[in-house]
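Notes to accompany the following structure.
Only the coordinates and a few stated rules stand behind these numbers; no lab work does. Computed from a predicted model, the values in this text were never measured in an experiment. Counting neighbours? That spans all protein chains shown, and the Cβs are built from the backbone with ideal geometry, glycine included.
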Ligand code: SAH
Ligand code: SF4
């Protein structure tokens, strides 16, 4: 079977329609059916003639992942395990908030970066997701939760499994599809790409005209500490990372986000907080603190709230600094806890 339709953009769908001997406008009808109306597949796009629907279903059906599992947290967060066509699966998380919702989606199956505090790292990299598989997570969950980005603000954060900048082509194509106003219609400023700091790819990301906001996982206050926590730092040096951030072409409304996972007694001292201030001085940014979400096989502990508060008040002397509320910890849906946990793990 040829590839599924999800992931194809308007030009590609128009070309496909033409190659099937159909008029060009069929491309737009398919596009709207898939992305605006979020149909499950060509069979459901009723603006198309029945014979075309059938042909498309036969040759380009599928594309929406199957929810293999759906676990709801006490706080309303829902963790999805979504099955891809090759039998592999990824996790995506729905996080409802008062005035908006957030979807946390994956960009790879597993992750090749070996951060010492992250459960996804333990999987290694199984494979990249393609643009369709990235977008399909948003469509599948939007269908399940009856979300519509044109009616209620919807944020998408690429903070699930994987390192987005190591799958940049698919991430950029997915971003264009997500942001397209006549499609899924999630504004660029509501899309965030989070990176562990793949230095040369940061500049490349910045060169795209349609792109999400950039979040950089800093997680350490100096290079030696960062090499221990994120060994990738020995190839992507901290100095070079900060330089790439300084040079990143921010749009007028935009600032960088730095994420910082606090590990008790490791990177959470007042001295570390002052180090963070020094490193980031002069960068238009804010800092998100995340107290470690613990997990089996993770050799670190969560700092107590007083320590988190003290760290925050120091950083805040120079930079807006927020403490990220852990969501879905009880169902292993919080940051760094995505490891394809199935319900069997809870028993
Ligand atoms: N690979 C990308 C995006 C996925 S990780 C990145 O590293 O940025 C998303 C965020 O979760 C990162 O900021 C990461 O530092 C954080 N994280 C990883 N493990 C964590 C854990 N155990 N507890 C809290 N946050 C964690
Ligand atoms: Fe990969 Fe991000 Fe986890 Fe590091 S924190 S292992 S880059 S998913």
> Which whole-angstrom value gives the distance between the alpha carbon centres of region 72-149 and region 262-313?
Replying inline: 25
> For helix 168-179, what angle does its Cα long axis make with the longest principal axis of the chain, in degrees from 0 to 90 and rounded to 10?
Replying inline: 70
>> I want the antiparallel fraction of DSSP beta bridges within region 90-192, as a percent rounded to 5.
In response: 55
>> Run the helix sum for the chain: -39,500 (n - 2.57) per DSSP H stretch of 4+ residues, divided by residue count, reported at 222 nm to the nearest 500 deg cm²/dmol.
In response: -8500 deg cm²/dmol
> How are the Cα pair distances of region 36-146 distributed, in percent, across 10 Å bins from 0?
Replying inline: 13, 37, 32, 14, 3, 0
> With r defined as the distance between the Cβ atoms of residue 127 and residue 207 and R0 fixed at 35 Å, what FRET efficiency is calculated, to the nearest 0.05?
Replying inline: 0.85
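What's the extension gain from residue 43 to residue 264 if we count 0.36 nm per residue and subtract their Cα-Cα distance?
Details: separation 221, 0.36 × 221 = 79.56 nm, distance 5.31 nm.
Residue separation times 0.36 nm, minus the Cα-Cα distance, leaves 74.2 nm.
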> How far, in degrees from 0 to 90, does helix 50-60 lean away from the longest principal axis of the Cα atoms of the chain, to the nearest 10?
Replying inline: 40
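At a Förster radius of 45 Å, what calculated FRET efficiency corresponds to the Cβ-Cβ distance of residue 224 and residue 58, to the nearest 0.05?
Values: r = 58 Å, r/R0 = 1.29.
Computed FRET efficiency for residue 224 and residue 58 comes out at 0.20.
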> So how do 260, 25 line up by other beta-carbon neighbours within 10 Å, fewest first?
Replying inline: 25, 260
>> Explain nothing, just the number: relative contact order of the chain, from Cα pairs under 8 Å at least 6 residues apart, as a whole percent.
In response: 15
>> To make sure I understand, if each residue's beta carbon is the centre and we count other beta carbons within 10 Å, what order do 324, 38, 152 fall in, fewest to most?
In response: 152, 324, 38
> For helix 270-280, what angle does its Cα long axis make with the longest principal axis of the chain, in degrees from 0 to 90 and rounded to 10?
Replying inline: 50
> Stokes-Einstein at 37 °C, 0.692 mPa s, Kirkwood radius from Cα pairs: D for the chain in µm² s⁻¹?
Replying inline: 157
> Ranked from highest to lowest mean number of other Cβ atoms within 10 Å per residue, what is the order of the peptides 87-96, 65-74?
Replying inline: 87-96, 65-74
> Using alpha-carbon pairs under 8 Å, 6+ residues apart, how would you state the relative contact order of region 36-157 in percent?
Replying inline: 20
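Show me 176-188, 310-322 ranked by packing, highest mean number of other Cβ atoms within 10 Å first. Intermediate results must be reported in sequence, preceding the final value.
Working: 176-188: 19.2, 310-322: 16.5.
The most tightly packed comes first, giving 176-188, 310-322.
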> So, how do all the Cα-to-Cα distances of region 249-295 break down into 5 Å bins, in percent, from 0 on up?
Replying inline: 5, 18, 26, 22, 14, 9, 6, 1
> So in the chain, what percent of DSSP beta bridges are antiparallel if you round to the nearest 5?
Replying inline: 45
> How high is the relative contact order of region 208-347, in percent, counting Cα pairs under 8 Å that sit 6 or more residues apart?
Replying inline: 22
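Of the peptides 229-237, 133-141, 245-253, 111-119, how do they stack up when ordered by the mean number of other Cβ atoms within 10 Å, highest first?
Details: 229-237: 17.2, 133-141: 26.0, 245-253: 12.2, 111-119: 20.7.
Top of the packing list down: 133-141, 111-119, 229-237, 245-253.
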>> Could you list 283, 331, 105 so that the one with the fewest beta carbons within 10 Å of its beta carbon is first and the one with the most is last?
In response: 283, 331, 105
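When the chain is fully extended, how far beyond the present Cα-Cα distance does residue 72 get from residue 234, taking 0.36 nm per residue of separation? Could the numbers behind the result be given before it?
On the way: separation 162, 0.36 × 162 = 58.32 nm, distance 3.87 nm.
In short, 54.4 nm is gained.
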